[in-house]
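Before any comments, here is the structure.
The values are calculated or read from the model by the stated rules, or taken from the named source; none is laboratory data. Just so it is clear, the structure is predicted and the values come from calculations on it, not from any experiment. Virtual Cβ from ideal backbone geometry, glycine too; neighbours counted across all protein chains shown.
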Amino acid sequence: MPILKQTAEDKAYKILLAKISEKSTYYGIDRERLQTALRISERTLYNRKNNPEKFTFNELLKLGRVLHFTEKEYAEIFTGGKK
């Protein structure tokens, strides 16, 4: 079976999850603090990480605030890394 080319959406989801992991570690932000910042339950956060397309726009903005996303990082997430 041929390997399918990764879509821009798939790339964006991977970038988003990598940024969440990277920035959480860098700033020492644990799961509970993310849940509180996003005002979602533990289960919902788990579901969002397993299905990043389910993040709402407002949740992404809140994530960016708590994880200190730069404009460049937002652009990278929303475009799937395209320039």
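Here are a few things to note about the model shown:
- Matching helices (runs of 4 or more DSSP H) fully within region 1-70 where at least 2 residues are among the aliphatic types (A, V, I, L, M), in contact (Cβ under 8 Å) with a residue 40 or more places away in the chain and closer than 19 Å to G81 by Cα: 8-27, 57-67
- Residues that are touching a helix residue (DSSP H, G or I) at 6+ places or on another chain (Cβ under 6 Å) and among the β-branched types (V, I, T) are absent from region 25-47 altogether.
- Filtering region 28-58 to residues that are under 17 Å from E9 (Cβ atoms) and surrounded by 15 or more Cβ atoms within 10 Å (Cβ to Cβ) leaves R48, K49, P52, F55.
- Flag for T56 being at pLDDT 95 or above and of a type outside the set (A, V, I, L, M): no
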